[in-house]
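A short worksheet on the structure shown next.
Just so it is clear, none of the values below were taken in a lab; they were calculated from the coordinates. Given the structure is predicted, the values throughout are model-derived calculations rather than measurements. Here the Cβ positions follow ideal geometry from the backbone for every residue, glycine too, while neighbour counts run over all protein chains shown.
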Amino acid sequence: RTRSFPGPPPAASNSPREHMGKKSLVGDQKANISLFRLQECNLSVFLNPSRLGDITKGVEEKLNEMLLQYSPLLQGVVLSYSHLKIKSDTGKIMHNFPHIECRVLVRFLVYAPRVGSCVKAKVNKIGPDFIGFLAEGIFNVSVSGDGLEGWTFKGGAWECSGDDAAISNGTSSEMMARRLEVGSEARVIVKDIRTEEKGIFLLGRLNNNRPLASIATTASASASPATPSTVKA
């Protein structure tokens, strides 16, 4: 079964311990340019004794708390999980700690942009010194300062002042966006990534002289599952 984020993020409490074994399911080169990554993890989940009657349900409740949260070890935001496997029908109780440690194997889908990644985003806010975007309809992207070099604010919108450019992709030509207003779409180059309130906030820049088709697009993660190694923090 797969669990993905259905709405507003749930309140997090007693989240699974974030020391885990992990192994990317995509090659290093592809992972560097992909915004989405599948990653298998050995994870410790701590359950209340009241959840021992249905361990799978208890684990799923804890994993649901990780959805749309930034994970430092996964280096991205957890979008969904699947292939959940309870590794043992016994757990550990440590000293006076009231919860039971349960070891699980789970596959996460992670949104993990990197500095230099190109993200497609839609303008949702605009001002004389910035443009605000939403990537994937969820993640905030802000472009301001030198990120707007080559662009001019006119009449409530931003216009590119660079030279026109177009390239052929074999069957058609694609011009880059020359004017951005609320509702416009553009590709933004990530300059910096900040985490706040367990989410991520992207700072970016616009290209003023490159057509959209010439910018490397993201690659979907697709590979066979691998056996994860165990890493302790």
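Sort out which residues of region 87-109 are in contact with a Cys (Cβ under 7 Å, 6 or more places away or on another chain) and aliphatic (A, V, I, L, M), and write them in order of number.
Of all residues in region 87-109, those in contact with a Cys (Cβ under 7 Å, 6 or more places away or on another chain) come to 91, 106, 108.
Correct list: V106 only.
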statement: If we keep only residues of region 98-114 that are farther than 11 Å from P49 by Cα and among the hydrophobic types (A, V, I, L, M, F, W, C), then the residue surrounded by the fewest Cβ atoms within 10 Å (Cβ to Cβ) is L105
statement: Result of the Cβ filter at 6 Å on region 54-75, keeping first residues that are more than 18 Å from L35 (Cα to Cα) and partners that are β-branched (V, I, T) and buried (at least 20 other Cβ atoms within 10 Å of the Cβ), at least 6 apart or interchain, is V59/V45; V59/V104; K62/V45; M66/V78
